[in-house]
Amino acid sequence: MNQMEKTANVDTAAKLTVKDFTELVKIGIVNSNTITAFTGMWLAFQLTNVSFMQNLDVLIFTILGSGMVVAASGAFNNVIDRDIDGIMERTKNRPTMTGKISGKRALLIAAVLGIVGEALLFMTTWQAGVIGLIGIFLYVVVYSMWAKRKLVSNTVIGSFSGAVPPLIGWFAVEPTFSAVPIMLFLVMFCWQPPHFYAIAIKRKEEYAAAGIPMLPVVKGIERTKWSTLFWVVLLTILPFFMWELGLVYVILATVLNVIWLALCLYGFKMEDSMKWARISFVYSINYMTILFVSMVIIGVFL
């Protein structure tokens, strides 16, 4: 590399924009996980009769801390995946691929976010801080560095880290296990495979080119549809263990689950699997949004 190229790279790396930063930390994932963390915290306030207004510091530390921890994990993942991101259409323009953010700068950003985020979580309860550390380890080391590249079950393994934020929120307020945080964890855990299977079907060829053993690549689309149905069936069972949230929630969640079940079954009749995957993906996003927003609203009346 000549001096002019080195200078150009330095200049490009120096011009860090808000868009570059949000793409590095995967802001969409940060936002969705922060919502689930808030839901866990909000339900803990309501169900344990802990004053929300008298613990605004816990609210701030939990939201900022969980958001930073998720952001750090996303940034670490972008650094790890640089060897495959350039192959895939949906990831080839990430700032770590275009040179807008160098690997060293991305690592520094990830480390700072992780350290500050964890410090904030430990300022709530030590349990919330430890769960945050577990979440980072599961996503960065277990999933990104190992399972994603080696195992067909990578999506399921990655779901463990994605289900951690509600636990962070709950334990920041009430550092003991009960049925509600366990169910929140299971809802997030069971939701992720069908959500990401839809993405994997849409991007099957890209994953195959990158050598990532996603389920549709290794086992085929038909097998992926059956796995999607399996996880949605499990989701359908969970509301009946969440009576603490009231009858309205149980009914709403069941209706959403039945619709998703019908969509899964319809997928076996659709000849256009890509179209089905797009519909399933959109529904999964709306499903999670409606479900967790309803928990927050219902929590007001508990």
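The values are calculated or read from the model by the stated rules, or taken from the named source; none is laboratory data. Please read these numbers as outputs of a predicted model, since none were measured by experiment. All Cβ positions, even for glycine, are placed from backbone atoms using ideal geometry, and neighbour counts span all protein chains on display. Ligands, DNA and RNA are excluded from the accessible area calculation, which covers all protein heavy atoms including side chains. Shrake-Rupley method; radii C 1.70, N 1.55, O 1.52, S 1.80 Å.
If you go through region 158-215 and keep only what is in a helix (DSSP H, G or I), open to solvent by 20 Å² or more (accessible area, probe 1.4 Å) and either over 23 Å from I136 (Cα atoms) or among the polar types (S, T, N, Q) (or both), you end up with A179, K202, K204, E205, E206, A208, A209.
On the stretch given as region 33-63, residues that are open to solvent by less than 70 Å² (accessible area, probe 1.4 Å), assigned to a helix (DSSP H, G or I) and touching a residue at least 24 places away in the same chain (Cβ under 8 Å) total 20.
The set of residues in region 255-302 being more than 16 Å from P239 (Cα to Cα) and among the aromatic types (F, W, Y) consists of Y266, F268, W276, F281, Y283, F301. The residues in region 239-253 that are open to solvent by less than 20 Å² (accessible area, probe 1.4 Å), part of a helix (DSSP H, G or I) and either closer than 30 Å to S153 by Cβ or small (G, A, S) (or both) can be counted, and the count is 2. Figure legend. Inter-residue proximity from region 91-103: first residues of a type in the set (D, E, K, R), second residues surrounded by fewer than 19 Cβ atoms within 10 Å (Cβ to Cβ) and in a loop (DSSP other than H, G, I, E, B), beta-carbon distance below 6 Å, spacing 6+ or different chains. Indicated pairs: K92/G86. For beta carbons closer than 7 Å, sequence separation of 6+ or different chains, a first residue in region 200-222 that is closer than 19 Å to G267 by Cβ and a second that is assigned to a loop (DSSP other than H, G, I, E, B) and open to solvent by 50 Å² or more (accessible area, probe 1.4 Å), the qualifying pairs are R203/R90. Summed over region 212-254, residues that are of a type in the set (G, A, S) and either at pLDDT below 95 or under 27 Å from L302 (Cβ atoms) (or both) total 2. Cβ contacts < 8 Å: first residue of a type in the set (D, E, K, R), restricted to region 133-153; second residue open to solvent by 40 Å² or more (accessible area, probe 1.4 Å) and not in a helix (DSSP H, G or I), any location; separation 6+ or different chain. Result? Note: pairs meeting the criteria are R149/G211. Taken together, V79, V30 contain a single residue that is crowded, with 19+ Cβ neighbours inside 10 Å, more than 23 Å from T124 (Cβ to Cβ) and modelled with pLDDT of 95 or more, which is V79.
In region 233-259, what count of residues is obtained for those that are over 16 Å from L184 (Cβ atoms) and touching a residue at least 40 places away in the same chain (Cβ under 8 Å)? Counting residues in region 233-259 that are over 16 Å from L184 (Cβ atoms) and touching a residue at least 40 places away in the same chain (Cβ under 8 Å) gives 1.
Matching residues to (1) at pLDDT 95 or above; (2) among the aliphatic types (A, V, I, L, M); (3) within 19 Å of the chain's Cα centre (by Cα):
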{"residue": "C264", "(1), (2), (3)": "yes, no, no"}
{"residue": "F268", "(1), (2), (3)": "yes, no, no"}
{"residue": "I279", "(1), (2), (3)": "yes, yes, no"}
{"residue": "S284", "(1), (2), (3)": "yes, no, yes"}
{"residue": "I290", "(1), (2), (3)": "yes, yes, yes"}
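Out of the residues in region 13-64 that are touching a Pro at 6+ places or on another chain (Cβ under 8 Å) and of a type in the set (V, I, T), state the one that is farthest from K104 (Cα to Cα). If we take residues in region 13-64 being touching a Pro at 6+ places or on another chain (Cβ under 8 Å) and of a type in the set (V, I, T), then T39 is farthest from K104 (Cα to Cα).
V112 satisfies every condition listed in (1) modelled with pLDDT under 95; (2) surrounded by fewer than 18 Cβ atoms within 10 Å (Cβ to Cβ); (3) of a type in the set (V, I, T) except (1). Looking for something part of a helix (DSSP H, G or I), in contact (Cβ under 8 Å) with a residue 60 or more places away in the chain and open to solvent by 70 Å² or more (accessible area, probe 1.4 Å) - is there at least one such residue anywhere in region 263-270? Checking region 263-270: not a single residue is part of a helix (DSSP H, G or I), in contact (Cβ under 8 Å) with a residue 60 or more places away in the chain and open to solvent by 70 Å² or more (accessible area, probe 1.4 Å).
Scanning region 101-111 turns up no residue that is closer than 30 Å to I212 by Cβ, of a type in the set (D, E, K, R) and not in a helix (DSSP H, G or I).
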